[in-house]
Amino acid sequence: MTDRAPALIVEGLHKSFGKLEVLRGIDLTVDEHEVVCLIGASGSGKSTLLRCINLLEPIDAGRILVEGEEITARKVDVDRIRRRIGIVFQAFNLFPHMSVLDNVSLAPRKVLKRPRAEAEGEAVALLERFGLADKRAEYPDRLSGGQQQRAAIVRALAMQPDLLLLDEITSALDPELVAEVLDVIRELAAGGMTMVIATHEMGFARDIANRICFLDAGRILEQGPPGTILVAPREERTQRFLQRITDAGRL
Amino acid sequence: MSLVGGPPDTGLILGPDPRGPRRARDRENRQLAVRSTLIAIVSSIVFFGLLGWIVANSPGWPAFQRAFLDPELFAKTIPRLAEAFWVNVQLFLLAEVFILAFGLLLAVMRSLPGPVLFPLRAMATVYVDGFRALPGILVIYMLGLGIPRLGLPGVPKDEFFWAIVTLTLLYSAYVSEVYRAGIDSVHPSQEAAARSLGLSRAQSLRYVVLPQAVRRVIPPLLNDFIGLQKDTVLVSFIGIVEIFRTAQIISAATFNYTPYVAVAVVFLVVTIPLARLVDWLISRDRRRAAAGRAA
């Protein structure tokens, strides 16, 4: 593509919680405008990888570079890095004491020091784009799960991140609410947003991903385009995982 | 029979209730509720009547009545006590402002991370442990009588000043623990969400964690406020003429304890409504939490 540095490089990433080694040497490169889906069983390290990239978890070994800048270096300003990397969580994590509009405009106002009117204007525009304009004055507990998750996505987008991390964002949703959230992600992908997505929705991964990485026991065991990984995986463990998913009727 | 109002009930005469079984069930529930209320009233009358009869027939009752329940003296003391109570009101209102601020500062100090800030954390912990361990009256004596005696230049000798200081020091320790429980009750994922948006630790605390924490601990904070109101009488021991000291003076002059009963009445009148408010707030929070889960 261009000669710009890749959006994200992860090199030799290790992470343990106590004695439990969750990530055992992850190497991953994500180009600008690329959508990478992480699949794998629960406990394979998908969420931990995303949390490490967002610097929410300190890492034990390896390094992470965002657009060529090493964000795991010692003296780096983590708040400045996090502005460029958005993350959306499985449990939404909206701020329950604030209206949807305040949820979305808080960080632009306090972190980017934008004037309130300007930040709120942009927040409303974003909410409108994702069909939530009429919910701007509501508090999160008045919204459906799908609406809450869309609001959380809008909140992350309000910081105009270069990279968006999505951590099983449909896992906490009722089945009939999954589609509305996935549609939002499809729209973002079409708009060229660089994304790393941990997901159990294989059909969605097939549609949207440029590349799928299968994580197993803290390593990326196999990666490639959806047509290869989901249809003709090389590794036996990948085959077994996909077989289980197929048996459960989720592919 | 309709004790609770509503349309006259003709169902019993006309056979099956034409408005359906649901209405019949409602009526049954209403009748049950009325019956429980009646039983509660009757049993209370019997219980308290018996208790009153036993007390009034005790051998010392006439002497007790003269010493503690002199209606004339009661009526005469109430205005003076009410006036003296204004001192207590100033004490607890002013002290509460400082307590809420200082207690929050202590709680935040105790939740600071990192080895560099260990001294601050340790200081706050020692402070909170120490002041919760000491009986309030001791602190009031030592600070209120001791420090002015040092004669340090620039240190006020005014008792009212030292009363505010000691009440603030004592109650901030308790209040900081209430705040800390509130801070701990906010799920870590809230801070993760705030930090992931680029907010600094201080900003996450200020805009995300503390607003939720403080809202949750308003009922226990009010409880401590009730405690503070009552403990303002302790500062009478360093020479402040507030409601309790005033009652002592009147009592000593009249050889009668009725003024103390009057003080008790004043505190009941002021404190009970606040206690009811606390209960109401707690039950409202519980209802809201239940509604939130259902949504």
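General remarks:
- Förster radius 25 Å - calculated FRET efficiency between A:Arg74 and A:Leu112, Cβ distance, rounded to 0.05: 0.50
- Region A:193-251, relative contact order in percent, only Cα pairs under 8 angstrom and at least six apart counted: 29
- Considering only beta bridges that DSSP places wholly inside chain A, some 55 percent are antiparallel.
- Only Cα sites of chain B enter the Debye sum here, all with the same form factor; the resulting log10 I(q)/I(0) across q = 0.09, 0.11, 0.14, 0.15 1/Å is -0.73, -0.92, -1.13, -1.20, listed in q order.
- Per-residue [θ]222 nm for chain B (sum of -39500 (n - 2.57) over DSSP H runs n ≥ 4, rounded to 500): -25000 deg cm²/dmol
- The value of relative contact order for chain B, using C-alpha pairs under 8 Å at least six residues apart, is 25 percent.
- ³J(HN,Hα), Karplus 6.51/-1.76/1.60, whole Hz, each residue of region B:217-227, x for Gly, Pro: 9, 4, x, x, 5, 5, 4, 5, 5, 4, x
- Relative contact order (%) - criterion: Cα under 8 Å, at least six apart; region: region A:131-251: 18
- When restricted to Cα atoms, region B:71-158 yields an Rg and a Dmax of 19.2, 66 Å, respectively.
- Sum of side-chain charges, B:Pro113 neighbourhood, beta-carbon under 13 Å (Lys, Arg +1; Asp, Glu -1): +3
- Spatial separation of Cα centroids for region A:107-164 and region A:42-73, in angstrom: 26
- Highest-first arrangement of A:155-167, B:174-186, B:126-138, where packing means the average Cβ count within 10 Å: A:155-167, B:174-186, B:126-138
- R0 of 51 Å, Cβ-Cβ distance B:Ile45-B:Ala202: FRET efficiency to nearest 0.05: 0.25
- Once backbone amide H atoms are built at 1.01 Å from N, A:Gln90 has A:Asp167 as its partners under 5 Å, excluding neighbours fewer than 5 places away on the same chain.
- With K and R counted +1 and D and E -1, the other residues having a Cβ less than 12 Å from that of B:Ala173 yield a net charge of 0.
- Here the residues B:Ile78, B:Ile45, B:Ile164, A:Ile169, ranked from fewest to most Cβ neighbours within 10 Å of their Cβ, fall in the order B:Ile45, B:Ile78, B:Ile164, A:Ile169.
- Most simply put, the protein assembly as shown has about 55% antiparallel DSSP beta bridges, counting only bridges with both residues inside it.
- Once Rg and the Kirkwood radius are both taken over the C-alpha atoms of region A:57-139, their ratio Rg/Rh works out to 1.06.
- Residues B:Ala264 and B:Glu159, FRET efficiency given R0 of 30 Å [Cβ-Cβ distance, rounded to 0.05]: 0.80
- About the centre of its Cα atoms, region A:8-247 shows a dipole size close to 640 debye [charges on the beta carbon of Lys, Arg (+1) and Asp, Glu (-1) only; nearest 20 debye].
- Per-residue 3J(HN,Hα) values for region A:5-19, derived from phi via the Karplus relation 6.51 cos²θ - 1.76 cosθ + 1.60 with θ = phi - 60°, read 5, x, 4, 8, 10, 10, 10, x, 6, 10, 8, 10, 10, x, 8 Hz in sequence order (x marks Gly and Pro).
- Euclidean distance of C-alpha centroids, region A:187-251 and region B:103-131, integer Å: 48
- Net charge over other residues, Cβ less than 14 angstrom from the Cβ of A:Val154 (K, R count +1; D, E count -1): -4
- For the segment B:184-196, counting C-beta atoms of other chains within 10 Å of every residue's C-beta and taking the mean gives 6.
- Evaluated at q = 0.15, 0.24 Å⁻¹, a Debye calculation over the C-alpha positions of region B:225-295 (equal weights, vacuum) places log10 I(q)/I(0) at -0.62, -1.04.
- For the protein assembly as shown, taking Cα atoms only, Rg and Dmax work out to 33.3, 104 Å respectively.
- Across A:Lys46/A:Lys110; A:Lys15/A:Lys110; A:Lys46/A:Lys135; A:Lys75/A:Lys113; A:Lys15/A:Lys113, pairs whose alpha-carbon gap is larger than 25 Å: A:Lys46/A:Lys110; A:Lys15/A:Lys110; A:Lys46/A:Lys135; A:Lys15/A:Lys113
- As computed over region A:8-247, the Cα convex hull volume per residue (Å³): 129
- Sorting the segments A:89-101, A:173-185, A:232-244 by their residues' average number of neighbouring beta-carbon atoms within 10 angstrom, most packed first, yields A:89-101, A:173-185, A:232-244.
A short reminder: the numbers here are calculations on the coordinates, not readings from a lab. Quick caveat: nothing in here was measured; it's all calculated off a predicted structure. Every residue, glycine as well, gets a Cβ built from its backbone with ideal geometry; the counts of neighbours run over all protein chains shown.
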